[in-house]
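Asker: Please read through the structure below; I'll follow up with questions.
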Amino acid sequence: MNAMPSSSLLAAVDLGSNSFRLVVGRIESTPVGDQIRPVDQLKETVRLAAGLGAGNTLSAAAQDRAVDALRRFGERLRTFPPERVRAVATNTFRVATDARAFLERAQQALGFEIEVIAGREEARLIYLGAAHALPADGRRRLVVDIGGGSTECIVGTDYAAEELESVPLGCVGLSQRFFPGGSVDRASFDAARWACRDLIAPLAERYRAAGWQRAIGTSGTAKALWQIAQTDLGEQRLTRDALGLLESLLLKAGHPDRMRLTALKPDRRPVLPGGLAMMSAAFEEFGIEAMDYCDGALREGVLYDLLGRSMGTDMREVTVAQMIRRHGLDERHGLAVAELATLLYRESARGTGDEIGRAGRLVGWAAQLREIGLSIAHVDFHKHGAYILEHCDMPGFSEDEQRRLATLVLGQTGGLTKMRSRLENADEWLRVLSLRLAVVLHRRRDGALPPSIRLRVKNAGARLELPADWARAHPLTDQLLRQESVEWAKAGAWPLVYQPT
């Protein structure tokens, strides 16, 4: 049998707070567009959130479980090129205080970069996955995804998400916090449900006002409850009555392990109380009477988002364009700075083509968004811009990508000593240098550049070469570049020699 061509395959890795999942999909072209058909799936019940201890540090046992699972995933993905794999990590990685150190170990085990995504980005990807598994019928729908560490709530129509929110409670965290050892009584269940309602309540009025017509549940908790409703409780859908009956059965048993339910699988028993409390709260706050289940969720959304990137429709490009319009940025000037900054970086950087390409795109996006802080104030606009980019919702971008964008925008002007704690290696200093030089050379905002520009990088230092006659004809730019050389000398990290020739 012939091997399936790797160019037709994409892979998504979902590092959830309860389970790690890998899905491999084949791109199939049709006359009306491309779709992804799953060809392989792996699941590991890691319960990473259960390993969060005092101070939100991950236990050694939880880390070892995660690394072992990722090594197995890594073997399956060994023949995949980096651009065909996207791995995303969710709430536990967001809240763990030692996540950065653990992330390095996790990436080494998997063999691919892992992105820690923000809650709303997780919600966007969940809806994208659900939308591709549901009919495009023009009906507004409410999607509820109860994960291990967080719960995402989305309202949208067909493929367009209109409301996106994430609350930091999921079935694992709730089960640990309110039902230690698995024991359940009326007081603990009510306390868990009220904690959930308290988080969901601020969303409820806005979501009800959206006027959704159908409620959809996605991921493990919704699937388990839906299957119990159908198999054990005689319901066709997950209804209020089914949830109430299941609650009564759980309270009567006092522990999920003592419940005799055909559809309740062993791996769902430990997190059933927390998942049921959150789902009950969602039904009450949103006014849901009945809910259907959908197979599409985060990992399928990641696959379709990856497909969009491979086909030239990158959500990050859309986000940058929207931010440019929203903040009234000078698009022409931003593109000019981006073009030069990217050129300087790519011609000087060292590494694989894929690594340079990814970093070069970040440099370009930072150049396009570098003046976003002017929407707050002209003074210290680079600081305002860095804050905006690090903390705002940017669909398509991981938290790490947002931090890197913020760092570049912070470093675009002013002293460089502030960057010492934020830049980890020579390549990151080169990105800042490339952006700063492009900003200086486009200071006049007229698009005029020297006939030749050469940035040479050697031994953690750089030399900028421009024609001497051009420098003499542009005294302001010449002075700014000489000042730039002085700033790099003060920073003591990366010397810059400015040499008109």
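The values are calculated or read from the model by the stated rules, or taken from the named source; none is laboratory data. Just so it is clear, the model here is predicted, and its values are computed rather than measured. Don't worry about glycine lacking a Cβ; one is built from the backbone with ideal geometry, like all the others, and counts go over all protein chains shown. When the accessible area is computed, the model is the full protein with side chains, heavy atoms only, and any ligands, DNA or RNA have been set aside. Shrake-Rupley method; radii C 1.70, N 1.55, O 1.52, S 1.80 Å.
Asker: Pick from 482, 444: which is more than 26 Å from residue 425 (Cα to Cα), of a type outside the set (A, V, I, L, M, F, W, C) and open to solvent by 90 Å² or more (accessible area, probe 1.4 Å)?
Answerer: Just a single option satisfies the conditions, and that option is 444.
Asker: If you don't mind, another one. Residues to consider are 376, 372, 388; find the one that is closer than 30 Å to residue 96 by Cβ, in contact with a His (Cβ under 6 Å, 6 or more places away or on another chain) and not hydroxyl-bearing (Ser, Thr, Tyr).
Answerer: 372
Asker: How about the stretch 412-426: which of its residues are crowded, with 19+ Cβ neighbours inside 10 Å and either part of a helix (DSSP H, G or I) or not hydrophobic (A, V, I, L, M, F, W, C) (or both)?
Answerer: 412, 419 - these are the residues of the stretch 412-426 that are crowded, with 19+ Cβ neighbours inside 10 Å and either part of a helix (DSSP H, G or I) or not hydrophobic (A, V, I, L, M, F, W, C) (or both).
Asker: Residue check, residue 216 against (1) open to solvent by 10 Å² or more (accessible area, probe 1.4 Å); (2) farther than 22 Å from residue 173 by Cβ; (3) not small (Gly, Ala, Ser), all met but one. Which one?
Answerer: (1)
Asker: Here's a follow-up. Residue 59: open to solvent by less than 50 Å² (accessible area, probe 1.4 Å) and touching a residue at least 24 places away in the same chain (Cβ under 8 Å), yes or no?
Answerer: Against the criterion (open to solvent by less than 50 Å² (accessible area, probe 1.4 Å) and touching a residue at least 24 places away in the same chain (Cβ under 8 Å)), residue 59 does not qualify.
Per-residue answers, yes or no, for (1) in contact with a His (Cβ under 6 Å, 6 or more places away or on another chain); (2) open to solvent by less than 10 Å² (accessible area, probe 1.4 Å):
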residue	(1), (2)
297	no, yes
314	no, no
318	no, no
321	no, no
325	no, no
333	no, yes
337	yes, yes
363	no, yes
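Asker: Still on this structure: Kindly provide the set of residues from the stretch 165-177 that are open to solvent by less than 40 Å² (accessible area, probe 1.4 Å) and farther than 15 Å from residue 279 by Cα, ordered by number.
Answerer: Scanning the stretch 165-177 gives a single hit, 165.
Asker: Considering the stretch 202-213 alone, what residues qualify as being open to solvent by 30 Å² or more (accessible area, probe 1.4 Å), touching a residue at least 40 places away in the same chain (Cβ under 8 Å) and within 25 Å of the chain's Cα centre (by Cα)?
Answerer: 206
Asker: Just one of the numbered conditions (1) in a helix (DSSP H, G or I); (2) of a type outside the set (Val, Ile, Thr); (3) modelled with pLDDT under 90 is not true of residue 404; which one?
Answerer: The single condition residue 404 does not satisfy is (3).
For every residue, the table says whether it meets (1) open to solvent by less than 40 Å² (accessible area, probe 1.4 Å); (2) in contact (Cβ under 8 Å) with a residue 40 or more places away in the chain; (3) within 24 Å of residue 149 (Cα to Cα); (4) touching a Phe, Trp or Tyr at 6+ places or on another chain (Cβ under 7 Å).
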residue	(1), (2), (3), (4)
232	no, no, no, no
235	no, no, no, no
244	yes, no, yes, no
248	no, no, no, no
258	no, no, no, no
265	no, yes, yes, no
268	yes, yes, yes, no
278	yes, yes, yes, no
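Asker: Check whether at least one residue in the stretch 464-478 is over 24 Å from residue 332 (Cβ atoms), in a loop (DSSP other than H, G, I, E, B) and more than 35 Å from the chain's Cα centre (by Cα), and report yes or no.
Answerer: Yes.
Asker: Among residues belonging to the stretch 51-86 that are among the aliphatic types (A, V, I, L, M), touching a Leu at 6+ places or on another chain (Cβ under 8 Å) and farther than 16 Å from residue 107 by Cβ, point out the one that is modelled with the highest pLDDT.
Answerer: Only one residue fits best here, namely 62.
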